[in-house]
1. Out of the residues in region 26-35 that are in contact with a strand residue (DSSP E or B) (Cβ under 9 Å, 6 or more places away or on another chain) and part of a loop (DSSP other than H, G, I, E, B), which is nearest to residue 106 (Cα to Cα)?
2. Pick out the one residue from 108, 87 that is outside any helix (DSSP H, G or I), within 30 Å of residue 147 (Cβ to Cβ) and within 20 Å of the chain's Cα centre (by Cα).
3. Hey, can you tell me all the residues within region 36-53 that are out of contact with any Phe, Trp or Tyr (no Cβ under 9 Å at 6 or more places or on another chain), part of a loop (DSSP other than H, G, I, E, B) and either surrounded by 10 or more Cβ atoms within 10 Å (Cβ to Cβ) or modelled with pLDDT under 90 (or both)?
4. I'm trying to understand the selection: among the residues of region 127-146, which are touching a Ser or Thr at 6+ places or on another chain (Cβ under 8 Å) and either part of a helix (DSSP H, G or I) or crowded, with 18+ Cβ neighbours inside 10 Å (or both)?
5. Count, please, the residues in region 148-168 that happen to be touching a strand residue (DSSP E or B) at 6+ places or on another chain (Cβ under 9 Å) and free of Cβ contacts under 8 Å to residues at least 24 places away in the same chain.
6. Is it the case that some residue within region 66-80 is hydrophobic (A, V, I, L, M, F, W, C), out of contact with any strand residue (DSSP E or B) (no Cβ under 6 Å at 6 or more places or on another chain) and over 25 Å from residue 27 (Cα atoms)?
7. Can you tell me which residues in region 138-156 are within 15 Å of residue 94 (Cα to Cα) and of a type in the set (Val, Ile, Thr)?
8. In region 54-79, how many are in a loop (DSSP other than H, G, I, E, B), out of contact with any helix residue (DSSP H, G or I) (no Cβ under 7 Å at 6 or more places or on another chain) and surrounded by 10 or more Cβ atoms within 10 Å (Cβ to Cβ)?
Amino acid sequence: MRRGSRLKSKRSIEEGLQMGQHKTSIHWERDTGHFNIKSFNRDHVIRFENGVAINATSAPEYTGNLELISPEDLLVAAISSCHMMTFLAIASLKNWLVQTYNDQAQGFLEENSRGRVMMNRVILQPQVLFSGSNLPTSKEQEDIHFKAKRSGFITNSVRTSISIQPHF
């Protein structure tokens, strides 16, 4: 039985069955006559399939432009946004009316146990305001955050340690 399951999974992957596909394009070009590690321009454009384009750069610690967004910022935002969307989906299934959801997420570039720099940990600090007559308890909110963390597509895609510190 186990062997058949693996064959089915392999066949599904080969047939291209997937839940979603997301495409982006990146454009960068040299803007000076020289090209060296200390001075090349880090600014670039990220375009999404829906036509949205954002100007991006490397993190300021790596000579990026302070006025633009970095891949590290985007990763922290993706983790936070995914957690929120999963939380909202679970809350809606429980018929809890969410009025507002705010998060102050922080990501930390650190060396991991192998000495590699990575977005080693992210702290989410969501604050959720519910309305209506059916209000969840603090414990029920904690349970939703736990389920959202366990079920989030982005959370399940990264090795980053993610902690949830909700504000009630």
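1. Selected residue: 28.
2. Answer to the check: 108.
3. Across region 36-53, the qualifying residues are 38, 39, 40, 49.
4. Within region 127-146, just 128 meets the criteria.
5. So the answer is 0.
6. Within region 66-80, none of the residues are hydrophobic (A, V, I, L, M, F, W, C), out of contact with any strand residue (DSSP E or B) (no Cβ under 6 Å at 6 or more places or on another chain) and over 25 Å from residue 27 (Cα atoms).
7. 144
8. 7
The values are calculated or read from the model by the stated rules, or taken from the named source; none is laboratory data. Everything numeric in this text was worked out from a predicted model, so none of it was measured. Because the Cβ atoms are built from the backbone with ideal geometry, glycine has one as well, and the counts that use them run over all protein chains shown.
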